Amino acid sequence: MKKWNIKKADENAVRELLNDECLKTAVFDELLSREPDSEILRNNFQDSALISLLVPVLVSRGFCSMESIGEKFSAECLSDPFLIRDMEKAVEKINSAIDESVKICIYGDYDCDGIMSTVILYTFLSQAGADVIYYIPERSEGYGLNCDAVRKIADMGAKLIITVDNGISAVKEAELIYELGMELVITDHHQPPEILPRAEAVIDPHRKDCMSPFKNLCGAGVVLKLVSALDGGNYEIPLEQFADLTALATVADVVDLSGENRYIVCRGMNFIEQTDRTGLTALLEVSGLLGKKINSTSMAFMLSPRINASGRFGSPKTAVNLLLSENEEEAHSIAQELNSLNESRKKAELIITDEICSLVNSDRSLASKRVLFFCGKDWNHGVIGIVASKIEELYGKPCFIASESNGEIRGSARAFGEFSVFKALNYCGECLEKFGGHQGAGGFTIKSGMADKFDSMLQEYAFINHREMPVFSYNIDYVIKPDEMTLRGIKGLDFIEPCGQGNDKPIFLINGATVEEISPMGAGKHTMLRLDYGGKKLYAKIFRKPPEKTGILVNQNYSFAVNLEINHFNNRDSVNILVIDYRRQGINQNKIINALHIYESFLRDEELPQNYYNSMYPERDEVALIYRKIAESGTDTDMLYSQIFSEKLNYCKFLVAIEALAELKLIDYIYSEKKVKRLKADGKVNLETAPILKKLREKTGR
């Protein structure tokens, strides 16, 4: 079960802001500037309906005054690019190379940020008359500068290498560049090491000696500033040319969408919608977004994955060629190729995810670990990071996934809350060839034969530093009332856009709605619910889960954590409710989460207070009750517990009973789907022979 952190907005602050004419005007003007022809805004009603949902969300997030709202959501310009350390040196060196017709090589990266950075700088330098080429390593070469690539670039006749989205740690490679008679300019946005590489200029806002006020740019954001500096420091023309690509990179690289990043993405979204870039038009078309409103969600989940697919399943040059193309037929063909690569990416993710779920279903102890670690043979390296994110969310635990290919074991990790991927990898350093990352994500290479030791050290790190592991949570901004679900109120939420890292999309709680109908959607892959919420009829969508896997029962009351959007179809607007999570009414989440923590501690053989063992031992009649409630067609475990919940039958007992029934082959326990199916008993079964009950009896002395 995911934890719902339900925020409470100060009612006085909400009332004050709802009556603030300045806020009404600011929101209206901001939205009108983005959508001058919006039907919802056309009548110029600057009333409280437009901010009826926006205000409680803002207040719940701590923005209780116009001043604080302005500080967070008002980004009117970008800071002077020359405030970045070494920017003047870089401009001087690059302009000199252009004037002297020195061959310049842009060295990029194979992800969306690196690809966009390459296209931006290549386009600008080409238009400036530079003799310029680009080099992006294939994923098989690994991230960043490598010595073989440096030698190839030297053979091409380049005399100046400019890195984009990489290079800050390339100390060894930088020395080779100078040994081969070339020079280097570095542009990067990653954390710098203590010793910087040798270079004519090292542009990175994270340098300790950098005076630039905004640090959290992505690689393309740094390149945009370089281009502006090369253009004399003026941003207008560079933004008109490259805000679209920079915005895509900013969203794709999951950097904090505040301050200058917010400004870039706001400008970029408008340029994407009205783009005359041939390649981007083709990409919008194959993504089904041509002519539609663009927001951070469509950029993150529709456009960026197709760009990234080129580096994961093909060559990153394919995406570069698309965005440099000026031929409609060629661009359409390349966009279709990227779309096919993206489909291959989805299939590869599904194969690995299904394989991991099968491992868990056959050995449920794998899921009881504090930290999940899975290592497969020849899993595609291009998608294991995405899979790690999916497994992390599915099981609600930090996840490390590795793949062994050609004798090398490389992996990716994802985590949440206070658990630090970087600190965990550092603790396991004796098992690793190399590693890098930050709080929430990282990459690593395991030494040969040390995968099991790495797993053991991961668990050890978690036990020492997180006796109570962080719980995967959703922060719910507001408990919405039935009459508040209006098109005008939902339109007001666009003021918060672009949403992303550091500025999450608002989550609302539908608190207690009756499910009147459940039906398949999208060829049975998704689910549509018809709800009665306080007398109001609503339709809610659950994506990537067919009706039979939801566990939802008709005519029962549920609460739903949802995102709200406006759906535009056939020139008609309607409320679009997207379900993130759901549960039966009356469940105490804290008791369930605590009980699960105790149960898994028991499975891991961690010592518990003696009275815990007694309280989790189920009686025979309790196990029999659970068994009778399980259908042969299958029953969702969470929904099963909600049906038979009582103070006597706590969640620990329930989990023990389910495990005992599974061990005795009385039920089929599909852990990854939280589903149990009743099996026909082959003769009389002695319940006490279940291994988990034997283990408990040793602790209780029964």
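The values are calculated or read from the model by the stated rules, or taken from the named source; none is laboratory data. Everything quoted here is computed from the prediction, not taken from an experiment. Neighbour counts are summed over all protein chains in view; Cβ atoms, including those assigned to glycine, are modelled from backbone coordinates with ideal geometry. Areas reflect the complete protein model, heavy atoms only, side chains present, ligands, DNA and RNA absent. Shrake-Rupley method; radii C 1.70, N 1.55, O 1.52, S 1.80 Å.
Simple spin-label estimate for residue 256 and residue 126 gives 3.6 nm between the two label positions (7 Å along the Cα-to-Cβ direction from each Cα).
Stretching residue 556 away from residue 339 to a fully extended chain increases their span by 74.0 nm, per 0.36 nm per residue minus the current alpha-carbon distance.
Taking other residues whose beta carbon is less than 14 angstrom from the beta carbon of residue 546, and scoring Lys, Arg as +1 and Asp, Glu as -1, yields +3. Around residue 537, what is the net charge, scoring Lys/Arg as +1 and Asp/Glu as -1 over all other residues with Cβ under 14 Å from its Cβ? After counting each charged neighbour, the total is -2.
Ordered by 1.4 Å accessible area with all protein chains kept, 438, 189 run largest first as 438, 189. To the nearest ten degrees, helix 236-252 and the longest principal axis of the Cα atoms of the chain are 30 degrees apart. Ordering 545, 481, 208 by accessible surface, largest first, gives 208, 481, 545; the 1.4 Å probe counts only protein heavy atoms, with every chain in place. Pairs of C-alpha atoms in segment 629-702 farther apart than 15 Å represent 57 percent of all such pairs. Here the label points at residue 567 and residue 589, each 7 Å from Cα along the C-beta direction, are separated by 2.6 nm in the simple model.
Our estimate of slack between residue 10 and residue 434, defined as 0.36 nm per intervening residue step minus the Cα-Cα distance, is 147.8 nm. Summary of packing: across the peptides 106-117, 583-594, the per-residue average of other C-beta atoms within 10 Å ranks them, highest first, as 106-117, 583-594. Axis angle, to the nearest 10 degrees, between helix 21-34 and the longest C-alpha principal axis of the chain: 70 degrees. Straight-line cross-link reach from residue 694 at under 14 Å between alpha-carbon atoms covers these aspartates and glutamates, not counting any fewer than eight positions away in the same chain: 605, 619, 659, 663.
The alpha carbons of segment 27-145 give a radius of gyration and a Dmax of 22.8, 62 Å, in that order. Our estimate of slack between residue 89 and residue 607, defined as 0.36 nm per intervening residue step minus the Cα-Cα distance, is 180.4 nm. Across the cross-link table entries 7/208; 208/317; 545/680; 481/648; 72/346, which are compared at the Cα atoms, the separations over 32 Å belong to 7/208; 208/317; 481/648; 72/346.
Cross-link check: pairs 93/225; 390/629; 653/675; 397/591 evaluated at a Cα-Cα cut-off of 22 Å; pairs beyond the cut-off: 390/629.
Keeping all protein chains in place and using 1.4 angstrom, which order do 101, 559 fall into by accessible surface area, from largest down?
Ranked from most to least accessible, the order is 101, 559.
Computed on segment 219-276, the Cα convex hull volume stands at 70 Å³ per residue.
Taking every DSSP bridge with both residues inside segment 521-674, close to 90 percent are antiparallel.
If R0 equals 45 Å, the separation of the Cβ atoms of residue 209 and residue 537 corresponds to a calculated FRET efficiency of about 0.15.
Estimated from helices alone, the mean residue ellipticity of the chain at 222 nm is -13000 deg cm²/dmol (sum of -39500 (n - 2.57) over DSSP H runs with n ≥ 4, per residue). Pairing the Cα long axis of helix 589-603 with the longest principal axis of the chain, what angle in degrees results, from 0 to 90 and rounded to the nearest 10? It works out to around 80 degrees. Placing unit charges on the Cβ atoms of the charged side chains and taking the dipole of the chain about its Cα centre, the candidate lying farthest along the positive direction among 670, 569, 316 is 670. Exposed loop positions in the chain were taken to be GluC sites (Glu not before Pro) whose DSSP state is not H, G, I, E or B and which have at most 14 other beta-carbon atoms within 10 angstrom. Between these positions, the longest stretch is 469-605.
FRET efficiency for the pair residue 452 and residue 301, taken as 1/(1 + (r/R0)^6) with r the Cβ-Cβ distance and R0 = 51 Å, rounds to 0.90.
Of the trypsin sites (Lys or Arg not before Pro) found in segment 1-42, those in coil by DSSP whose Cβ has at most 12 other Cβ atoms within 10 Å are 8, 42. Backbone geometry of segment 143-160 corresponds, through the Karplus equation with coefficients 6.51, -1.76 and 1.60 at θ = phi - 60°, to 3J(HN,Hα) couplings of 6, x, 4, 9, 5, 4, 5, 4, 5, 4, 5, 4, 5, 6, x, 5, 10, 9 Hz, x marking Gly and Pro. Surface composition of the chain: carbon and sulfur atoms hold 47% of the protein heavy-atom accessible area at a 1.4 Å probe. Summing charges over all other residues whose Cβ lies under 9 Å from the Cβ of residue 216, with Lys and Arg as +1 and Asp and Glu as -1, gives -1. Only protein heavy atoms count here; under a 1.4 Å probe, residue 318 has an accessible surface of about 20 Å².
In the context of the full set of protein chains, residues of the chain present 44 Å² of accessible surface per residue (probe radius 1.4 Å, heavy atoms only). Here the calculated FRET efficiency for residue 180 and residue 315, from their Cβ-Cβ distance with R0 = 22 Å, stands at 0.30, rounded to the nearest 0.05. Taken along the Cα-to-beta-carbon direction at a fixed 7 Å, the label points for residue 141 and residue 526 span 3.9 nm.
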